[in-house]
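The values are calculated or read from the model by the stated rules, or taken from the named source; none is laboratory data. Source: prediction; values computed, not measured. We place every Cβ from the backbone using ideal geometry, glycine too, and count neighbours over all the protein chains shown.
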Amino acid sequence: MDSIDHFIGKQSIRIQEQRALLNSHLRDEWQPLQLMFLTFIFSGIFFQLWNKLSNREKDLLTALKETFFRFVRSLPIISSMIQKELDATKSEIGKNMFPLKKGQKYKTKLPQKGLKPEEVVELVRTQYKSLETTHWEDGRVSGAVYSCGQENDRMMSEVFSMFVGANLLQPEVFPGPRKMEAEIVSMVCNMFKGGEHACGVVTSCGSESILLACKAYREYAYKKGITKPEILMPESAHAAFVKGGKYFKMKIVKVPLDKKTYRVDFKLGKQHDIPVHVDQCMGGFLTPFVGKEYNIPPCDFTVEGVTSISADTHKYGKAPKGTSTLVYRHPKYREGQYFAYTDWSGGIYASSTMAAPANYDSN
Ligand SMILES: Cc1ncc(COP(=O)(O)O)c(C=O)c1O
């Protein structure tokens, strides 16, 4: 015991000596104001760095690489070379992608005199529709058009014409589209064997469905006390998940695919109550019907752990661009998708998707 006291006493004398030495050194070399100023500067730098590192949405290596390339790009000689290349590419894209016919120009001002309806239709036919040179109706423009033939197009045009003035933010005025949306969601829930709690929403495109799932799950994580949720995605997943990470400030962690099966294992989701979204934007309206025939393993709510699925009606659902669906196993996952603001001077504002004038859930 004595020896411990002796040791502590010795150490505290040594610390006092060192402190006195440092203080006298600082007194000789620095003025108090200089010390205050330097402390202020270094604290600022430290907190900036800390903030950057702890709030980053990317892993450290990617963030460092990006910072390095940003710096290189900002060097005058490099940035002028890049700008030159960009200008040349832009002009090339302009020429190749948006070719106007001889004599045509972009209209930049409202016309002085209005046009009659038939003149507008003629104008659209001759100056806009006629610009198309790709025969997309033949069904060979993969990833762009999922055409179902002229009869389908005609039928959809007729349906559209019945609701051109509809505003889905007012379902009491336009109950028809609301009923349609509710039915679409219910059908998709059933198509994916969603069970009695399944629910969902109609969105404007696959990307929006994915973004909404990202937002919903971020809020779900916040509720559980997770302050910095991350998105774990297979490295082959659609870019919309990265967009979701960027929009909603979540770090993206890419999971490598199995080299043989090109799959990832998501059973951790179920084990740790991490929501799992299955992106079936492309194949969602095919797998439930041809899955068995082509030996595609089940990818619906019968698979434990799957909490939501996106499937695009505007792809193999054969609806026109742009609609998609997002369905959840249970309303608790969907909750965070909503936005509601009650303090607006214009009244209560609530919407369930990104775009305001949409949409209403089924259940
Ligand atoms: C698998 C997958 N997910 C998401 C999307 C995004 O859909 P959209 O283009 O409707 O936003 C696509 C589009 O092709 C897709 O193939």
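Give me the residue from the stretch 36-65 that is under 20 Å from VAL242 (Cβ atoms) and polar (S, T, N, Q) and, out of that set, modelled with the lowest pLDDT.
It comes out as ASN55.
Looking only at the stretch 292-329, filter to residues that are more than 15 Å from the ligand (Cβ to nearest atom) and acidic (Asp, Glu); which one of those is nearest to MET191 (Cα to Cα)?
Among those residues, the one meeting the criterion is ASP300.
Okay, residues lined up against (1) among the charged types (D, E, K, R); (2) within 14 Å of the ligand (Cβ to nearest atom):
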{"site": "MET191", "(1), (2)": "no, no"}
{"site": "CYS199", "(1), (2)": "no, no"}
{"site": "CYS214", "(1), (2)": "no, yes"}
{"site": "VAL242", "(1), (2)": "no, yes"}
{"site": "LYS251", "(1), (2)": "yes, no"}
{"site": "LYS254", "(1), (2)": "yes, no"}
{"site": "LEU257", "(1), (2)": "no, no"}
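Consider the stretch 254-263. How many of its residues are loosely packed, with under 12 Cβ neighbours inside 10 Å and not basic (Lys, Arg)?
Total meeting the criteria: 4.
Scan the stretch 168-207 for residues that are within 17 Å of SER351 (Cβ to Cβ) and crowded, with 24+ Cβ neighbours inside 10 Å and jot them down.
Matches in the stretch 168-207: VAL185, GLY200, VAL201, VAL202, THR203.
Could you check the stretch 223-240 and list, in sequence order, the residues that are free of Cβ contacts under 8 Å to residues at least 40 places away in the same chain and either within 16 Å of the ligand (Cβ to nearest atom) or part of a helix (DSSP H, G or I) (or both)?
Correct list: ILE231, MET233, PRO234, GLU235, SER236, ALA239, ALA240.
Of everything in the stretch 149-185, what is within 19 Å of SER352 (Cβ to Cβ) and either among the charged types (D, E, K, R) or at pLDDT below 90 (or both)? Give them in sequence order.
ASN167, LEU168, LEU169, GLN170, PRO171, GLU172, ARG178, LYS179, GLU181, GLU183
One line per residue, one yes/no per condition, for (1) surrounded by 10 or more Cβ atoms within 10 Å (Cβ to Cβ); (2) small (Gly, Ala, Ser); (3) not in a loop (DSSP other than H, G, I, E, B):
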| site | (1), (2), (3) |
| --- | --- |
| THR62 | yes, no, yes |
| LYS90 | yes, no, yes |
| LEU100 | yes, no, no |
| LEU110 | no, no, no |
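Could you list, ordered by first residue, the pairs with Cβ atoms under 6 Å in which the first is in the stretch 186-213 and closer than 19 Å to TYR338 by Cβ and the second is among the acidic types (Asp, Glu) and not in a strand (DSSP E or B), at least 6 apart or interchain?
If the second residue must be among the acidic types (Asp, Glu) and not in a strand (DSSP E or B), the pairs left are CYS199/ASP361; VAL201/ASP361; VAL202/GLU181.
Any idea which of LYS95, LYS113, LYS84, LYS109 is over 29 Å from THR323 (Cα atoms) and modelled with pLDDT under 90?
Criteria check complete, one pass: LYS95.
Give VAL276, VAL253 a once-over and let me know the one that is modelled with pLDDT of 95 or more, among the β-branched types (Val, Ile, Thr) and closer than 22 Å to TYR333 by Cβ. Spell out how you get there, then give the answer.
Values: VAL253 fails: modelled with pLDDT of 95 or more.
Only one candidate passes the filter, namely VAL276.
Does ARG140 satisfy the condition of being within 22 Å of the chain's Cα centre (by Cα) and at negative phi?
no
Return yes when GLN280 is more than 30 Å from SER147 (Cα to Cα), of a type in the set (S, T, N, Q) and either away from the ligand (no atom under 14 Å from the Cβ) or in contact (Cβ under 8 Å) with a residue 24 or more places away in the chain (or both) and no when it is not.
No, not satisfied.
Looking only at the stretch 306-319, count how many residues are buried (at least 18 other Cβ atoms within 10 Å of the Cβ) and more than 16 Å from the chain's Cα centre (by Cα).
Of the residues in the stretch 306-319, 8 are buried (at least 18 other Cβ atoms within 10 Å of the Cβ) and more than 16 Å from the chain's Cα centre (by Cα).
For the stretch 111-162, how many residues meet the condition of being within 16 Å of the ligand (Cβ to nearest atom) and touching a Gly at 6+ places or on another chain (Cβ under 9 Å)?
Residues that pass the stated criteria total 4.
Taking the options PHE289, PHE339, PHE285, PHE266, name whichever one is surrounded by 15 or more Cβ atoms within 10 Å (Cβ to Cβ), over 19 Å from MET233 (Cα atoms), more than 12 Å from the ligand (Cβ to nearest atom) and hydrophobic (A, V, I, L, M, F, W, C).
PHE285
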